[in-house]
Amino acid sequence: PRVALVIDDLGYASPELVRRLCAQPIPFSAAVLPFQEHTQASARIVHEAGKEVLLHLPMEPLGYPGPGKDPGPGAVLSSQSEGETRARVRKALLAVPWRKGVNNHMGSRITPDRQRMTWVLQEIKQAGCFFVDSRTEKDSVAYDVAESLYVPSVQRKVFLDDDKAFEEIAKQWERALALARKDGQVLIIGHIYPETVEALEKLVPRCRGQVAFVRASELAR
């Protein structure tokens with residue numbers, strides 16, 4: 001069974017934590033936010049460790065601009081014109097070096113919007129990237145639009161660390177492994193929390209010989 005692990009939100013976490021994450025002896029993908037203090041350093045560390053770099057593209061969530069609903073600088077917003085949307089995607093793609101693919105950061109207002117996702121994914125296709133639908137919104141059409149545009153794509157099946165307690169992370173990890181055994185593959189998304197990095201240091205060695213860890217690009221089709 002193939003397991004693709006994606007770790008989100010690199011860019012504002014300390015380079016030390018990113019190095020610790022990248023010490024994992026498995027292939028995985030790391031999604032880097034553009035226009036953050038450690039964007040360039042994080043992408044470099046991930047690339048030099050032989051892991052896969054993704055652009056973590058900020059998109060407007062439902063409830064924006066309420067508390068905890070700020071997708072960050074350079075985000076794709078529903079108020080933007082087609083030209084502005086495309087320009088923002090291109091600018092974000094240029095901001096993260098070595099990126100091979102893109103996944104959405106937040107985006108529960110944008111990913112159900114077929115028109116806007118078409119603009120976004122046409123730019124992603126133009127850049128030669130694949131797409132991971134983070135599925136932050138159950139009504140997302142992003143994966144369907146990607147398929148219709150022939151952009152290689154894959155969907156997230158499990159969020160690892162909605163709850164950062166080790167027992168809960170371990171429970172989601174086991175759920176993901178069970179899905180991988182049933183379906184032949186699974187894509188898991190976690191975040192660059194110290195708790196998640198520490199949990200992976202315990203959980204990954206337990207799987208040796210049971211599953212094949214792959215980059216997200218290897219599941220995108």
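The residue pairs whose first member lies in the range 103-132 and is over 19 Å from Y64 (Cβ atoms), whose second member is basic (K, R) and part of a helix (DSSP H, G or I), and whose beta carbons are closer than 8 Å, counting only pairs six or more residues apart or on different chains, are Q122/R86; E123/R86; E123/R90; A127/R90. Restricting attention to the range 67-122, the residues that are β-branched (V, I, T) and either out of contact with any strand residue (DSSP E or B) (no Cβ under 9 Å at 6 or more places or on another chain) or open to solvent by 50 Å² or more (accessible area, probe 1.4 Å) (or both) total 1.
Scanning the range 1-40 for residues that are open to solvent by 10 Å² or more (accessible area, probe 1.4 Å) and β-branched (V, I, T) yields a single hit, I26. Applying the criterion of at least 2 residues that are crowded, with 20+ Cβ neighbours inside 10 Å and within 18 Å of the chain's Cα centre (by Cα) to the strands (runs of 3 or more DSSP E) found wholly in the range 132-221 leaves 153-155, 185-191.
The values are calculated or read from the model by the stated rules, or taken from the named source; none is laboratory data. The structure presented is a predicted model; accordingly, all values stated were derived computationally and were not measured. No Cβ is skipped: glycine too gets one built from the backbone with ideal geometry, and neighbour counts run over all protein chains shown. The accessibility values were calculated without ligands, DNA or RNA, using every heavy atom of the protein model including side chains. Shrake-Rupley method; radii C 1.70, N 1.55, O 1.52, S 1.80 Å.
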